[in-house]
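What follows draws every value from the coordinates through simple rules; no lab data is involved. Given the structure is predicted, the values throughout are model-derived calculations rather than measurements. Ideal geometry is used to build each Cβ from the backbone, glycine not excepted, and the neighbour counts take in all protein chains shown.
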Amino acid sequence: MNSIIHIDWNTGRLFGPQVQHSEKKLKELAHIFHDQTAFSALPGDDVIYRVDSFKPVTAGTEGGLFWGTTFLEPGKVGDEYFMTAGHFHHVRNRAEYYAVIEGEGALLLMDESGKTHAEAMQKGSINYIPGYMAHRAVNTGNVPLVFVASWPSDAGYDYETIAHDGFSALMVERDGKPALIERSRA
Ligand code: S6P
Ligand code: ZN
C-alpha cells in the first residue's frame, strides 16, 4: 500500500489519492448548541467544519495511526462559538494530539465524571489529549481554526455519550471575550 500523502503546512490541506474529505453542516449539529432559537434562525446548510483525513490502515487496527486536518469556521450560535461535535474515543484509553496551524480557539476536555476544562489553542500550540477525555475544539476567533490531529487507528468514536449528555461547560462570548461557563441543566 502507498503510505505517503502531502500536507501544505500553510493551509493544513492534505493531498494524495488516499486523502478522505468530510464536512459537517450546521443542521447536523443541532443538539450541541444551547440556544435553539438562535440555531433555528441560521442556515442549516452552512458547512461549520471540514476534515481532510489519512487512514492508511483499516479503522480498528491495533498499533496504527491516523492523521487529519480540521478546518473549523468562525461564527456563533447566539453567544456560543462554533465548535466540533466532540467525542470520547470508543476505546477510552486512546490519546490524541492536536496541533494548531492557524486561528485561535479552545480545546474542551471532559473526563468521564463530567468535569470539563479548557486549554488554549493558538497557532503553534500542540495540545495533548489524554485517554479517557472527551474532546471538542471551539473557534473563538475571526478566522478558521485549523489544526492537525493524530490518533490511534483503533481509537474509534463514541459520539453518542456527548450527543446524549453534552459537555458540562460551554464556551460563550461574554463582554466580547470567550468565557467557559457551567451548563445549566434546567
Ligand atoms: C479524531 C479527531 C479529529 C475530529 C475532528 C472533528 O479522533 O479528534 O479528527 O474527528 O476534529 O471532530 P468530531 O468531534 O466531529 O469528530
Ligand atoms: Zn478524537
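Express in whole angstrom the spacing between the alpha-carbon centres of the stretch 16-37 and the stretch 38-75.
Cα centroid to Cα centroid, the span is 7 Å.
Looking at the stretch 19-72, which GluC sites (Glu not before Pro) are DSSP coil and have at most 15 other C-beta atoms within 10 Å of their C-beta?
For GluC sites (Glu not before Pro) across the stretch 19-72 that sit outside H, G, I, E and B with at most 15 neighbouring Cβ atoms in 10 Å, the list reads Glu62.
Grab the beta carbon distance between Gln122 and Asp8, set R0 = 25 Å, and tell me the FRET efficiency rounded to 0.05.
Efficiency for this residue pair is about 0.80.
Run through the stretch 91-139 and list the GluC sites (Glu not before Pro) located in a DSSP loop whose Cβ has at most 14 other Cβ atoms within 10 Å.
Taking the stretch 91-139 and a limit of 14 other Cβ atoms within 10 Å, the loop GluC sites (Glu not before Pro) found are Glu112.
For the stretch 1-75, rounded, prolate or oblate, judged on the Cα gyration tensor with a ≥ b ≥ c (square roots of eigenvalues), a/c < 1.5 rounded, else prolate if a/b > b/c?
Because a/c hits 1.5 or more and a/b exceeds b/c, the stretch 1-75 counts as prolate.
Rounded, prolate or oblate: pick one for the chain, where a ≥ b ≥ c are the square roots of the eigenvalues of its C-alpha gyration tensor, a/c under 1.5 means rounded, and failing that, prolate if a/b is larger than b/c, else oblate.
Here the chain falls in the prolate category.
So what is the relative contact order for the chain, in percent, with contacts set as C-alpha pairs under 8 Å and at least six apart?
Reported as a whole number, the value is 23 percent.
Working from the alpha-carbon coordinates of the stretch 89-186, get Rg over Rh, Rh being the Kirkwood radius.
With Rg and the Kirkwood Rh in hand, the quotient comes to 0.97.
What aspartates and glutamates does Lys115 reach when the alpha-carbon gap must be under 12 Å and sequence neighbours fewer than 8 apart in one chain are set aside?
Answer for Lys115, where 12 Å is the Cα cut-off: Glu182, listed by chain and number.
Taking K and R as +1 and D and E as -1, what net charge do the other residues with C-beta under 14 Å from the C-beta of Leu65 add up to?
Its environment carries a net charge of -1.
Averaging sequence separations of C-alpha pairs under 8 Å and six or more residues apart, then dividing by the length of the stretch 1-79, give the relative contact order as a whole percent.
Value for the stretch 1-79: 30 percent.
Quick one: compute the contact order of the stretch 76-141, relative version, from alpha carbon pairs under 8 angstrom and 6+ residues apart, as a percent.
Worked out over the stretch 76-141, it gives 45 percent.
Cut-off under 16 Å on the C-alpha distance; same-chain residues fewer than 8 positions from Lys76 excluded. Which aspartates and glutamates are left, in chain and number order?
Glu28, Asp35, Asp45, Asp46, Glu104, Glu173, Asp175
Suppose the chain between Asp46 and Thr58 were pulled fully straight at 0.36 nm per residue; how much longer would it get relative to their current alpha carbon spacing?
Length difference between fully extended and current span is 1.3 nm.
For the stretch 87-126, which chymotrypsin sites (Phe, Trp or Tyr not before Pro) are in a loop by DSSP, counting at most 12 other Cβ atoms within 10 Å?
Sites meeting the loop and neighbour criteria: none at all.
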